[in-house]
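The values are calculated or read from the model by the stated rules, or taken from the named source; none is laboratory data. In this text, all values refer to a predicted model and were calculated from it rather than measured experimentally. Note that each Cβ is placed from the backbone with ideal geometry, even for glycine, and that neighbours are counted across all protein chains shown.
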Amino acid sequence: MKQSVMLTIASLLSVLLLTFHLADDIVRGFEKGGLSNLAAVPIAVVWLYAALVLAERRSGYVIMLLGSLFSLVVPVIHMKGKGVGVASSIANSSGGFFFVWTLLALGVIGLFSIILSVRGLWSLPWRRPR
């Protein structure tokens, strides 16, 4: 399978998992449900635009790299602090499996997307033809 297609699929999965995760954070009370959470909508739209329209372009690779870095940081934040930390009972709660699985899947897909984005950027020509 072509590398850019894999990156597009991974980015789409990341956006889907991040929206599931944000909704789960709001339901569990980690995030306040309010207008501030709607900031995720334009971020997701830019990420989708990069994955679907700007694929194989330098700007698309950069945006997908930044989104991938963000999706890799989300599990780290939850594992260190709010959510799945030592004092948390999230694993024993209803829906805990989905919450933890989403975190792990985000980490795996995020790291995979970082590798593909860097490879895509590296394979582009260094200079633009005139």
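Structural remarks
- Test: residue in region 16-34 that is assigned to a helix (DSSP H, G or I), out of contact with any helix residue (DSSP H, G or I) (no Cβ under 7 Å at 6 or more places or on another chain) and more than 20 Å from Ile109 (Cα to Cα): yes
- Of the criteria (1) at pLDDT below 85; (2) surrounded by 12 or more Cβ atoms within 10 Å (Cβ to Cβ), which one Trp126 fails: (2)
- Region 17-51, residues that are surrounded by fewer than 13 Cβ atoms within 10 Å (Cβ to Cβ), of a type outside the set (Ser, Thr, Tyr) and over 30 Å from Ser123 (Cβ atoms): Val27, Gly29, Lys32, Gly33, Gly34, Leu35, Leu38, Ala39, Val41
- Filtering region 48-89 to residues that are of a type in the set (Lys, Arg), in a helix (DSSP H, G or I) and modelled with pLDDT under 90 leaves only Lys80.
- Output for region 18-44, where each listed residue is small (Gly, Ala, Ser) and touching a residue at least 24 places away in the same chain (Cβ under 8 Å): Ala44
- The numbered conditions (1) surrounded by 15 or more Cβ atoms within 10 Å (Cβ to Cβ); (2) touching a residue at least 40 places away in the same chain (Cβ under 8 Å); (3) not β-branched (Val, Ile, Thr) are all true for Leu54 except (2).
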